[in-house]
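Visitor: Pasting a structure below so you can have a look.
The values are calculated or read from the model by the stated rules, or taken from the named source; none is laboratory data. These numbers were taken from a predicted model, which means no experiment stands behind them. Heads up, the Cβs are rebuilt from the backbone with ideal geometry, glycines too, and the neighbour counts pull from every protein chain shown.
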Amino acid sequence: MRMVTYLIIFLDKPGRALLDDLNTQRRSDMDPRAVMELLAGEIADDPPAGYEPLPTGTGFNEYLGPLYGRLIDGRLRLGMRIGKRHVNPHQTCHGGILASFADMQLYVSQQQEPELRHMLMPTINMTLDYIAPVVLGDWLEGHTTLLRATRATLFQQTLATVGARPVFRSSCIYRISKQRAPIGSTLGELFPNA
């Protein structure tokens, strides 16, 4: 975003006009009927046995998922089916979707620490290593470990898999804000007995 802002500042009038034309063309390419056709032709999520849909809030989270969760040996595990809306022109899952899935693993750490279950915890840092492609129809699961929680910071890592095949690993750091999160943005007491 910052680079685009600087680019606009340094463009002369003909350059700005070209940029405006490109933005207008992009908006016209977003035909609402095409978007509706994509969503209508979406594949079924069909999660494995024991997975239940999770309430992940509004906005972007609604379009990312649905995300599913289940308790395995007392620990929350998140999963999602990769649909048509998640793949890029190469027919593999877009890296931004995988990064968002990695970020959503915060729910796992919040479930493990009852005092954090309703807390707003913005992401401070996230690194992601893509190991193998994820393709249309794959069931993606996150195997997340809470590494440490201090008074102000939470550290976790995730190994995401499709079946037994690792597809990415991530390391995330979240700020423990001490503020209650907006309703619908955490799992709260959905998995209270883990």
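Visitor: Which of the residues spanning region 146-174 are in contact with a Lys or Arg (Cβ under 9 Å, 6 or more places away or on another chain) and either polar (S, T, N, Q) or without any contact (Cβ under 8 Å) to a residue 24 or more places away in the chain (or both)?
Guide: If the condition is that a residue be in contact with a Lys or Arg (Cβ under 9 Å, 6 or more places away or on another chain) and either polar (S, T, N, Q) or without any contact (Cβ under 8 Å) to a residue 24 or more places away in the chain (or both), then T153, F155, Q156, Q157, T158, L159 are the ones that fit.
Visitor: How many residues does region 62-85 contain that are of a type outside the set (K, R), crowded, with 18+ Cβ neighbours inside 10 Å and in contact (Cβ under 8 Å) with a residue 24 or more places away in the chain?
Guide: 9
Visitor: Looking at T158, T145 in this structure, which one is in contact with a His (Cβ under 7 Å, 6 or more places away or on another chain) and either within 19 Å of G69 (Cβ to Cβ) or assigned to a loop (DSSP other than H, G, I, E, B) (or both)?
Guide: Result of the check over T158, T145: T158.
Visitor: Part of a loop (DSSP other than H, G, I, E, B) and farther than 18 Å from A160 by Cα - does that describe any residue in region 105-117? Walk me through it before giving the result.
Guide: Here is the first cut: in region 105-117, the residues part of a loop (DSSP other than H, G, I, E, B) are 105, 113, 117.
Right, trim to farther than 18 Å from A160 by Cα and you get 113, 117.
For region 105-117, residues part of a loop (DSSP other than H, G, I, E, B) and farther than 18 Å from A160 by Cα: present.
Visitor: Could you tell me which residue of region 154-194 is surrounded by the most Cβ atoms within 10 Å (Cβ to Cβ), considering only residues that are modelled with pLDDT under 95 and of a type in the set (V, I, T)?
Guide: The residue in question is T186.
Visitor: Check L140, L98 and return the single one that is at pLDDT 95 or above and outside any strand (DSSP E or B).
Guide: Residue meeting the stated conditions: L98.
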